[in-house]
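Structure first, commentary second.
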Amino acid sequence: MANEALLAFVLRLADDHLILGHRLSEWCGHAPMLEEDLAMPNMALDLIGQARALYQYAAEIEGKGRTEDDFAYLRRERDYTNCLMVERANGDFAHTMLRQLYFAAFMEPMWDAIAKSNDATLAGIAEKAVKEVAYHIRHAGEWVIRLGDGTEESAVRMQQAVEDLAPYIDELFDGDEVTAAMAEAGIAPEPASLRAEFDRTVATIFAEAFLDMPAAPFAQRGGRTGRHGEAMGFLLADLQYMQRTYPGAVW
Amino acid sequence: MYSQGLIGAKTETTEDESFLAAFQARIDAEEKIEPNDPMPVGYRRTLIRQIGQHAHSEIVGMLPEGNWITRAPSLKRKAALLAKVQDEGGHGLYLYSAAETLGVSREQMTEELLSGKAKYSSIFNYPTQTWADIGAIGWLVDGAAIMNQIPLCRCSYGPYARAMIRVCKEESFHQRQGYEIMMTLARGTPDQKELAQDALNRWWWPSLMMFGPHDGDSQHGDQSMAWKIKRFTNDELRQQFVDSTVPQAQYLGLTLPDPDLKWNDERGHYDFGAIDWDEFWRVVKGGGTMNKERIAARKKAWDDGEWVREAVLAHGEKRKARREAAKMAAE
Ligand SMILES: [Fe+2]
Ligand SMILES: [Fe+2]
């Protein structure tokens, strides 16, 4: 069970990072300004890099000869356990940046804790990721502030993004037997324990951006057990296209 | 990605002879011309045109390859492609900055691109149909770009030359990466080899066209050469490209789609078949498969981003006003 829980945990993290990196990479060449055509791929590259390190570790834990690409490309939708927030379509730039902020604000304390993990491999991945995620918070946070406190239109769009994403926050902090096993073994914290810091990070930025957190929404969940939204199948169709079309080829 | 043989710049200039002679003497002495130096109007105009076209090519060039980022076949390839397309955006940024030193703004240049007034390299009006196109573009298109750009590192205009030095390092990395993709395909399954050959068949001739019209047909070449904006003619660069690419294709075990291609001992170069200039001009003038889509995609990004750019300005103003108010209150 210990190994199974570790594998499940590592795959959740890996899937979160792959799927969000994939979504972010969709912006490449289509950003509102050239500077963002450089900044968004930077963040996407960080996320994909983290996903690769995590999938490689998953392959090692599982010990069945699968590779990072087998995990990334050759599972079925139900087998992906990313949270729902990261798979949602990009929407506008406000929606994309707010999603980035939320995910980074969730991951920052997570990586911080994992950097001191009993699991040396994860601690090593976290050490690098900590610096990257701090940049993501800064970059996305600055955008949330600029847009929230920009023009009338940008403020409306930002507030709309806040409302659209609100139902997907709680799932980030859900616990189950996997997270409990990780906490027990001193590998990773219970996500719920990160909520206060997430709220603080977001509240500081929202105060500067003149944004309000909406009242308790109907939380959406299911990603951690592989029950995804309608966008996920299309994302996977894109992602897996080559691997499914040419089974067994090496690229 | 790179500059195409310049199309349609006017090089005529109006200064008196002693001014032009003094300028030419600096050029001949291989002095770099810097933004605040006096320069002929035609020199400035030619550079604005060329650097602008070059910058636009980098930016539009992000689209055909960007088309495969979400479908890249492995995580390693996905990351490499994303980084490559990002590099091209970076090249665009240095080049717009170099052009801005001549007195045009990025907004102005962008508007000229979107209105169709400014050109970009026609190669990007061809579609990327398969993953192998990512290999072929890196190998051939970035390869041709390097041929064009290495001499530009010695261009008489300082900011352009310096931008090119930085860009060339990255382009040669792109070229090796593209070649390595082709190698993987050429050594892969029969399906993969077929993808590689098909991509080569489609990208070879357009790559040769990247060097622009034959020397005899390009009106502005001589003045650009005299001003040392250009160091080699279109045909010289094209020949260099063919000579260095043919052995690379042979090593891959792929066939170049040109029955007339053969080594000429006497010339010490490869002879190659006639380029279809009708196709070249058709694509330059808007008749390529993707001309409309490329500009539409750039226009959509620009229009959809307008509210974001406005918000940046508005937020900057608000911050400034608040800072000033705080200063007043403190006094
Ligand atoms: Fe480039
Ligand atoms: Fe390039």
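Label points 7 Å out from Cα along the Cβ direction at A:GLU60 and A:ALA115: separation in nm?
The modelled label-to-label distance comes out at 2.0 nm.
Sequence-distant or interchain residues sharing an amide H contact under 5 Å with B:ILE33, placed H: which?
The answer is B:TYR157, B:GLY158.
Assuming a ≥ b ≥ c are the square roots of the Cα gyration tensor eigenvalues, decide whether chain B counts as rounded (a/c under 1.5), prolate (otherwise, with a/b larger than b/c) or oblate.
Oblate shape, in that a/c is at least 1.5 and b/c is the bigger or equal ratio.
Given a 1.4 angstrom probe, I'd like the percentage of the accessible area of the protein assembly as shown that is carbon and sulfur, rounded to a whole number.
It is 54 percent, rounded to a whole number.
Are there trypsin sites (Lys or Arg not before Pro) in segment B:85-178 that DSSP marks as loop and that have at most 12 other Cβ atoms within 10 Å, and which are they?
Passing sites in segment B:85-178 are B:LYS117.
Using only the Cα atoms, what convex hull volume per residue in Å³ does the protein assembly as shown have?
So the per-residue hull volume is 183 Å³.
Taking 7 Å along the Cα-to-C-beta vector as the label spot, tell me the A:GLU208-B:ARG282 distance in nanometres, rounded to one decimal.
That separation, rounded to one decimal, is 5.5 nm.
Helix by helix, which DSSP H runs in chain B go 15 Å or more along their axis at the Cα atoms and have an average Kyte-Doolittle hydropathy of -0.5 or more?
Flagged H segments are B:17-28, B:41-60, B:75-100, B:158-186.
Given the peptides B:270-279, A:111-120, arrange them by the average over their residues of other C-beta atoms within 10 Å, most packed first.
Details: B:270-279: 14.1, A:111-120: 17.3.
My ranking of the peptides, most packed first, is A:111-120, B:270-279.
With a/c under 1.5 counting as rounded, go ahead and sort segment A:75-190 into rounded, prolate or oblate using the C-alpha gyration tensor (a ≥ b ≥ c being the square roots of the eigenvalues; past the cut-off, prolate if a/b is larger than b/c, else oblate). Can you show the working numbers first?
Details: a/c = 2.61, a/b = 1.70, b/c = 1.53.
It is prolate, given that a/c is not under 1.5 and a/b is the larger ratio.
Of A:MET33, A:MET213, A:MET182, which is the most mobile in a GNM of chain A whose springs link Cα atoms less than 10 angstrom apart?
A:MET33
Count the net charge of all other residues whose Cβ sits under 12 Å from the Cβ of B:VAL312, scoring Lys and Arg as +1 and Asp and Glu as -1.
On the way: positive: A:ARG146, B:ARG309, B:LYS318, B:ARG319; negative: A:GLU35, A:GLU36, A:GLU142, A:ASP149, B:GLU306, B:GLU310, B:GLU317.
Charge balance in the 12 Å sphere: -3.
Express the relative contact order of chain B as a whole percentage, based on alpha carbon pairs under 8 Å and six or more residues apart in sequence.
20 percent.
How much net charge surrounds B:LYS327 when only the other residues with a Cβ under 14 Å from the Cβ of B:LYS327 are counted, with Lys and Arg +1 and Asp and Glu -1?
Summing Lys and Arg as +1 and Asp and Glu as -1 gives +2.
Please give the calculated 222 nm ellipticity per residue for the protein assembly as shown, where each DSSP H segment of at least 4 residues contributes -39500 (n - 2.57) and the sum is spread over every residue; nearest 500 deg cm²/dmol?
Result for the protein assembly as shown: -21000 deg cm²/dmol, rounded to the nearest 500.
What is the mean number of Cβ atoms from other protein chains located within 10 Å of the Cβ atom of each residue in peptide B:291-303, rounded to a whole number?
Average per residue, whole number: 1.
Say each of B:ASP217 and B:VAL41 gets a label point 7 Å from the Cα, pointing the same way as Cα to Cβ; how far apart are those two points in nm?
3.1
Name the shape class, rounded, prolate or oblate, that the alpha-carbon gyration tensor gives for segment A:2-245, where a ≥ b ≥ c are the square roots of its eigenvalues, rounded holds for a/c under 1.5, and otherwise prolate holds if a/b is larger than b/c and oblate otherwise. Please list the in-between numbers first.
Working: a/c = 1.68, a/b = 1.36, b/c = 1.24.
Cα axes put segment A:2-245 in the prolate bin.
Please give the per residue accessible area of chain B, computed with a probe of 1.4 Å over protein heavy atoms only, in Å².
43
Only helices at least 24 Å long along their axis, Cα-based, and averaging -1.0 or more on Kyte-Doolittle count here, so list those DSSP H runs from chain A.
Taking the DSSP H segments of chain A (at least 24 Å long, mean hydropathy at least -1.0), we get A:2-25, A:34-62, A:93-114, A:120-148.
Show me B:85-93, A:236-244 ranked by packing, highest mean number of other Cβ atoms within 10 Å first. Don't skip to the end; give the middle numbers.
Numbers: B:85-93: 23.8, A:236-244: 16.9.
The densest-packed peptide leads the list: B:85-93, A:236-244.
Kirkwood Rh, segment B:245-331, all Cα pairs: how many Å?
Numbers: mean 1/r = 0.0518 Å⁻¹.
Over segment B:245-331, the inverse of the mean reciprocal pair distance is 19.3 Å.
Can you give the local net charge around A:VAL130? Use residues other than it whose beta-carbon is closer than 9 angstrom to its beta-carbon, Lys and Arg +1, Asp and Glu -1.
-2
Per residue of B:88-101, how many C-beta atoms from partner chains lie within 10 Å of its own C-beta, taken as a mean? Provide the component values of the computation, followed by the final result.
Numbers: counts 3, 11, 4, 0, 3, 4, 0, 0, 1, 0, 0, 0, 0, 0.
Taking the mean over all residues of the peptide, I get 2.
Shielding by partners for B:165-175, please: the mean number of other protein chain Cβ atoms within 10 Å of each residue's Cβ.
Partner-chain Cβ atoms within 10 Å, mean over residues of B:165-175: 0.
Estimate for me the total accessible surface buried between chains A and B (protein heavy atoms, probe 1.4 Å, no ligands or nucleic acids), in Å² to the nearest 100.
4000
Looking at segment A:205-239, which trypsin sites (Lys or Arg not before Pro) are in a loop (DSSP not H, G, I, E or B) and have at most 13 other Cβ atoms within 10 Å?
Counting only loop positions with at most 13 other Cβ atoms within 10 Å, the trypsin sites (Lys or Arg not before Pro) in segment A:205-239 are A:ARG227.
Which residues belonging to segment A:31-53 lose at least 50 Å² of 1.4 Å-probe accessible area when the assembly is complete, relative to their chain isolated?
Output list: A:PRO32, A:LEU34, A:LEU38, A:LEU45, A:ILE48, A:ARG52.
The values are calculated or read from the model by the stated rules, or taken from the named source; none is laboratory data. Keep in mind it's a predicted model, so treat the numbers as computed, not measured. Methodologically, a virtual Cβ is constructed for each residue, glycine included, from the backbone with ideal geometry; neighbour enumeration extends over all protein chains shown. The protein model used for the area step is the full one, side chains on, heavy atoms only, and it has no ligands, DNA or RNA in it. Shrake-Rupley method; radii C 1.70, N 1.55, O 1.52, S 1.80 Å.
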